[in-house]
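Here's the structure we're looking at; comments come further down.
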């Protein structure tokens, strides 16, 4: 029930002072039907029904489908006009001529310019009203309700329907309202109230007879009814495999040559398995931001937040050169500036109002040759470009500047990371933190393939920061005082895994100087693991390379081919989130379907680590799982359609054609092998925790987020109790079912 109705039910008069807050509250409540939509530069997976997670899964799906099906031909006129205004106002630099006075806000600019729009001047009365629109968007919403004769009891649902009609644009505005850094939206501020006000004014102009439609109950899609059976089959098979490994836990292990901490990403699981088969290596899983709430700036990169969107950065970390020769640094900087000139010059001419035709005449032959090379020899062109780049801008050594992180915080981050994954003793001579990212060309969804825990960015710099922290003598001394002793011969290093090519790059030279033999052997084995993974990856694309060299070339070509709609599968087929020691899963081929988070319940008496894992990394995994699930079930409603017909708009998102909703899910090619052959199997996330059941039960009882996800059916939970060596499945009525 709307905030306005609550006030009227109390027989109170709505004063002007009370009206605005009530309308803002009503809009906020109505916005539960849409999920936030991140811009393409840091595209983040999100459950498209995120605002409805307080409802049971089936009810939320039915309700979302009902709103999606309530649009009609008349409302499409409103949609077209609203898309036009949103595209112009929210543009991030693609438009040749920018909308004037955007700093005033969306509704204010609309109210100033709408009277000049010929599509809206239907008659003299309309022209008069547009000329005298209220100054405040809340007043415009109230006036629009009066003109449309929308009953107070229907107003919130009317707004909710308007938001659900274009869930991409309204979801992006929701992101701008609730998630964007407040310092980044000053050039063109917009709120959900602004958006609703503009939509209602357009409705008054183009659909003066609009009424609240009767929403009909929508039957669940047939695929939804099949999900539970498929989940039962998958859960039984996975728990059977895991229970067979329980007896192997707790066995003393010799000191490994190296320990590597990978992101929990499902793409890390097969690589970890391949690496462990090469030699005496131990791997761990941890969220790819490595517990560091930081905003980072690589030496040659722009600053960005490198932590989950559920967190706000607490520190700023910049890379600084460690090169002793000032001339080398100067040459690098000059080369970087030189390389930026052609691109900036080309962009300036391309987006200028008067020069695009002259640009074609001047650079047409060169651009034509380059297009041919990018099409028929993408790998060769990429290698030539990289060689030229290295020649003009020689690489220099850099290190993260930790001055913005107090020593006590550095100690806390280091201890928290090691204890959470259970790395309390038996340290290897080399411990590598391995972040990840992808490499693709001409891909609007590139950020969706990068590290979600790093805000849709590469995670290598976070790995470097944590390694630098744990290599500091004063940090180690403080950790020793806290009962966490790191051997003197242990050195921490950083690396980054390219999930498109499976190449792993070592970052920095700390371990090379201390354990060169171990590092040399590790690099060889990382290469062998990459070869194994590439062969398996090629098979998923229907390729049959005859050698590791052919597989390597195939994956590298996919990463730089500008016509490739599917450079990699990303996190497709994800199905499980497993929390426990690596020994529980090491001997199981999980098929690249599981997020693996290391955890030792014996070192977590207060369940603080488990609470963090289940309320942060697991929530992110659930968002990823839900986005893949719904994008597969209905790629038109919850996905973003085919990449073939998509266009980037305003440098902020993609549309189908030149005037559609802002696409808010995954493209067809990310979840389908062919138009009628889904590659992703839509299953709700199965979380498996290796810990005493009573501890998990107590944690759920005091955490509303977990209650919502488990009892409403968004996540399935199974617990393997080490005290009983028995598995349990949590039912949605909060009871536990023994798994035989």
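The values are calculated or read from the model by the stated rules, or taken from the named source; none is laboratory data. Please read all numbers here as calculations on a predicted model, not as lab measurements. Note that each Cβ is placed from the backbone with ideal geometry, even for glycine, and that neighbours are counted across all protein chains shown.
Considering each of 226, 211 in turn, give the residue that is surrounded by fewer than 21 Cβ atoms within 10 Å (Cβ to Cβ) and closer than 30 Å to residue 537 by Cα.
226
Which is assigned to a loop (DSSP other than H, G, I, E, B) and in contact with a strand residue (DSSP E or B) (Cβ under 6 Å, 6 or more places away or on another chain), of 256, 252, 308?
256
For (1) in a loop (DSSP other than H, G, I, E, B); (2) out of contact with any helix residue (DSSP H, G or I) (no Cβ under 6 Å at 6 or more places or on another chain); (3) more than 30 Å from residue 437 (Cα to Cα); (4) assigned by TED's automatic domain parsing to the domain that holds residue 601, each residue gets a yes or a no:
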position	(1), (2), (3), (4)
176	no, yes, no, no
193	no, no, yes, no
229	no, yes, yes, yes
239	no, yes, yes, yes
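Going residue by residue through the range 638-650, is there one that turns out to be in a helix (DSSP H, G or I) and free of Cβ contacts under 8 Å to residues at least 12 places away in the same chain?
No: the range 638-650 contains no residue that is in a helix (DSSP H, G or I) and free of Cβ contacts under 8 Å to residues at least 12 places away in the same chain.
Of the numbered conditions (1) within 18 Å of residue 194 (Cα to Cα); (2) out of contact with any helix residue (DSSP H, G or I) (no Cβ under 7 Å at 6 or more places or on another chain); (3) part of a helix (DSSP H, G or I), residue 100 satisfies every one except a single condition; which is it?
Here residue 100 meets the rest and fails (3).
Looking only at the range 483-498, filter to residues that are assigned to a loop (DSSP other than H, G, I, E, B) and touching a residue at least 40 places away in the same chain (Cβ under 8 Å); which one of those is surrounded by the most Cβ atoms within 10 Å (Cβ to Cβ)? Break it down into steps so the answer makes sense when it comes.
Taking the range 483-498 and keeping what is assigned to a loop (DSSP other than H, G, I, E, B), we get 483-490.
Subsequent filtering for residues that are touching a residue at least 40 places away in the same chain (Cβ under 8 Å) retains 484-487, 489-490.
On the way: 484: 18, 485: 14, 486: 21, 487: 13, 489: 11, 490: 19.
Out of the qualifying residues, it is 486.
Residue check, residue 84 against (1) surrounded by fewer than 17 Cβ atoms within 10 Å (Cβ to Cβ); (2) more than 22 Å from the chain's Cα centre (by Cα); (3) farther than 19 Å from residue 653 by Cα, all met but one. Which one?
Looking at each condition in turn, residue 84 falls short on (3).
Condition check ((1) crowded, with 19+ Cβ neighbours inside 10 Å; (2) at pLDDT below 95; (3) in the same structural domain as residue 465 (by TED's automatic domain parsing)) across all residues:
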site	(1), (2), (3)
380	no, yes, no
384	no, yes, no
405	yes, no, yes
408	no, no, yes
414	yes, no, yes
430	yes, no, yes
434	yes, no, yes
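Report, by residue number, each residue of the range 515-566 that is more than 22 Å from residue 674 (Cα to Cα) and touching a strand residue (DSSP E or B) at 6+ places or on another chain (Cβ under 9 Å).
Across the range 515-566, the qualifying residues are 515, 518, 519, 521, 522, 523, 525, 526, 527, 529, 530.
Considering only strands (runs of 3 or more DSSP E) fully contained in the range 499-611, which possess at least 2 residues that are buried (at least 16 other Cβ atoms within 10 Å of the Cβ), within 26 Å of the chain's Cα centre (by Cα) and not assigned by TED's automatic domain parsing to the domain that holds residue 244? Write out each step before concluding.
Working: elements: 504-507, 576-579, 594-597.
Here the list reads 504-507.
Could you list all residues from the range 670-690 that are under 23 Å from residue 61 (Cα atoms), outside any loop (DSSP other than H, G, I, E, B) and touching a residue at least 24 places away in the same chain (Cβ under 8 Å)?
Listed by number, the residues that qualify are 670, 671, 672, 678, 685, 686, 687.
Suppose we filter 203, 225 for residues that are more than 30 Å from residue 100 (Cα to Cα) and in a helix (DSSP H, G or I); which single one remains? Reasoning before the result, please.
Working: 203 fails: more than 30 Å from residue 100 (Cα to Cα).
After applying the criteria, what remains is 225.
Could you identify the single residue in 557, 585 that is touching a residue at least 60 places away in the same chain (Cβ under 8 Å) and more than 20 Å from residue 274 (Cα to Cα)?
557
State the number of residues belonging to the range 431-478 that are in contact (Cβ under 8 Å) with a residue 24 or more places away in the chain, closer than 24 Å to residue 569 by Cα and in a loop (DSSP other than H, G, I, E, B).
12
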